[in-house]
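What follows is a set of notes on a single structure, which appears directly below.
The values are calculated or read from the model by the stated rules, or taken from the named source; none is laboratory data. What you see is a predicted model, and the numbers here were worked out from it, not measured in a lab. Cβ placement follows ideal geometry from the backbone for every residue including glycine, while neighbour counts extend to all protein chains displayed. For accessibility, only protein heavy atoms count, side chains too; no ligands or nucleic acids. Shrake-Rupley method; radii C 1.70, N 1.55, O 1.52, S 1.80 Å.
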Amino acid sequence: MAQRLGDWWAGLSSAGGDGLPVRAGGMEYRRTASTPASVLGFDQALVWVVVALLAWGTVMVYSASIALPDNPRFGKIAPTHFLVRHIFALVMAFVAALLAFQVPMALWERHARGLFLLSLFLLILVLVPHVGTVVNGARRWLSLGVMNFQPSELAKFAVLIYAADYMVRKMEVKERFFRAVLPMGAAVAVVGALLLAEPDMGAFMVIAVIAMGILFLGGVNARMFFLIAFILVLAFAAMVWFSDWRRERIFAYLDPWSEKHALGKGYQLSHSLIAIGRGEVFGVGLGGSVEKLHWLPEAHTDFLLAVIGEEFGLVGVIALIVLFFWMVRRIMHIGRQAIALDRVFAGLVAQGVAMWMGFQAFINMGVNLGALPTKGLTLPLMSFGGSAILMNLVAIAVVLRVDYENKLLMRGGHA
């Protein structure tokens, strides 16, 4: 094995520094720039960090939902109702992740367009009356009997796979706007229109960032990238300006304590800030949150971080940020390593997952801390929500598959 690894490294060193058509931080990857990682299976450190986030999330979902049976909105449910459902979703997600890990990256690449079309079909299906389930005025779920499935979560993964495949296919014309960028922009616009009809602007923002990030990492020049970014910013600004309730959310974010907003659009944000403020440095202790006792809405989903902040304090919030930062950085490293091995599709997929997890966690944390306007996005791997947990773990499994195939190639095998 040592001989094979030596031959592989010698081959990389003699490659003459040929640049690959992808970039990181404005610099092109080169075959000689890769650092060989351990060749013993998949990334165990990444697995343990994910397990830690899942375990912490399970404990916090139980803590945040313990008082919900007293809420007439949920009827007569057991104190462990949400915990049992969350664990059931974790079991299903774990099985799905095991299956996803068995799928070679070549197969994902081959069926990228089919997966994208499937996600479009489900996004249309959820809008059909009496088919899509309406919760809090939004039609975002399909009832599968054992659980409600949110097609927008599949759309995030499908757009990620499709964008990576698209950039590999369009690599030769990536500098041409109408042949490379415009078709991808049109595909994202179709997905965005369907998501806004639900409405689910948060999911659209995540999908737009994933697609833009993969275009940029795939080699689209900076001028076209900033043009797309400018168009997207204008589009989101227009959505806010022409929507009364979205505009009201922005005003509430700017002044959540005012008499007008404190009991209206700023209610969640103000109680989230109260919860985090109560936690101070070390928190009030696990289970000691007061805000979860019917004061803070959606404490077990969108505002789980506020409960973490109240019960674990600043120390807990910083620990959580460090875990997410490490995970995202590690996934990016796996993607860079794949690209250094001439596996551009696999590398872009891994980096797309990193952008997905990182951006969504950033938005959720920013909302809970009052740094960003309120937006309905869950904390990846932690918040209550079956379809989100399912697709998060499938995405992590695909990253582990990329890492596994990387190390297989480094041992002289075939992916």
| Applying the selection to the range 128-145, what residues are within 23 Å of the chain's Cα centre (by Cα), in a loop (DSSP other than H, G, I, E, B) and at negative phi? | Leu144
| query | Taking the range 205-221 as the region of interest, how many residues are touching a residue at least 40 places away in the same chain (Cβ under 8 Å), open to solvent by less than 50 Å² (accessible area, probe 1.4 Å) and in a helix (DSSP H, G or I)? | reply | 10
| task | Output the qualifying pairs, or none if there are none: Cβ atoms under 8 angstrom, residues six or more apart or on different chains, first residue in the range 376-388 and over 13 Å from Leu305 (Cα atoms), second residue part of a loop (DSSP other than H, G, I, E, B) and among the hydroxyl-bearing types (Ser, Thr, Tyr). | result | Gly385/Thr301; Gly385/Thr378; Ala388/Thr378
| request: May I ask you to say which residue of Phe236, Phe303, Phe325 is within 30 Å of Ile396 (Cα to Cα) and crowded, with 20+ Cβ neighbours inside 10 Å? | output: Phe303
| message | Looking at the structure I just gave you, is Val344 farther than 25 Å from Gly309 by Cβ, of a type in the set (A, V, I, L, M, F, W, C), open to solvent by less than 10 Å² (accessible area, probe 1.4 Å) and in contact with a helix residue (DSSP H, G or I) (Cβ under 6 Å, 6 or more places away or on another chain)? | response | no
| note | Taking the range 367-401 and keeping only residues that are open to solvent by less than 10 Å² (accessible area, probe 1.4 Å) and over 19 Å from Val51 (Cβ atoms), one is left with Val367, Asn368, Leu377, Ser387
| message | So, Leu90, is that one closer than 30 Å to Ala346 by Cα, under 23 Å from the mean Cα position of the chain (by Cα) and at pLDDT 95 or above or not? | response | yes
| Can you name the condition, by its number, that Asp200 falls short on among (1) touching a Lys or Arg at 6+ places or on another chain (Cβ under 9 Å); (2) open to solvent by 30 Å² or more (accessible area, probe 1.4 Å); (3) charged (D, E, K, R); (4) within 24 Å of Ala89 (Cβ to Cβ)? | (2)
| Out of all the residues in the range 275-306, which are closer than 13 Å to Asn364 by Cβ and part of a helix (DSSP H, G or I)? | Leu304, Leu305, Ala306
| request: Run Pro129 past the list (1) open to solvent by less than 50 Å² (accessible area, probe 1.4 Å); (2) farther than 30 Å from Val402 by Cα; (3) not β-branched (Val, Ile, Thr) and report the number of the one that doesn't hold. | output: (1)
| said: Considering only residues that are of a type in the set (A, V, I, L, M, F, W, C), more than 15 Å from Ala388 (Cβ to Cβ), out of contact with any Leu (no Cβ under 6 Å at 6 or more places or on another chain) and in contact (Cβ under 8 Å) with a residue 12 or more places away in the chain, which ones fall in the range 65-86? | reply: Ile66, Leu68, Leu83
| Out of the residues in the range 251-282 that are among the aliphatic types (A, V, I, L, M) and either free of Cβ contacts under 8 Å to residues at least 60 places away in the same chain or in contact with an Asp or Glu (Cβ under 6 Å, 6 or more places away or on another chain) (or both), which is surrounded by the most Cβ atoms within 10 Å (Cβ to Cβ)? | Ala275
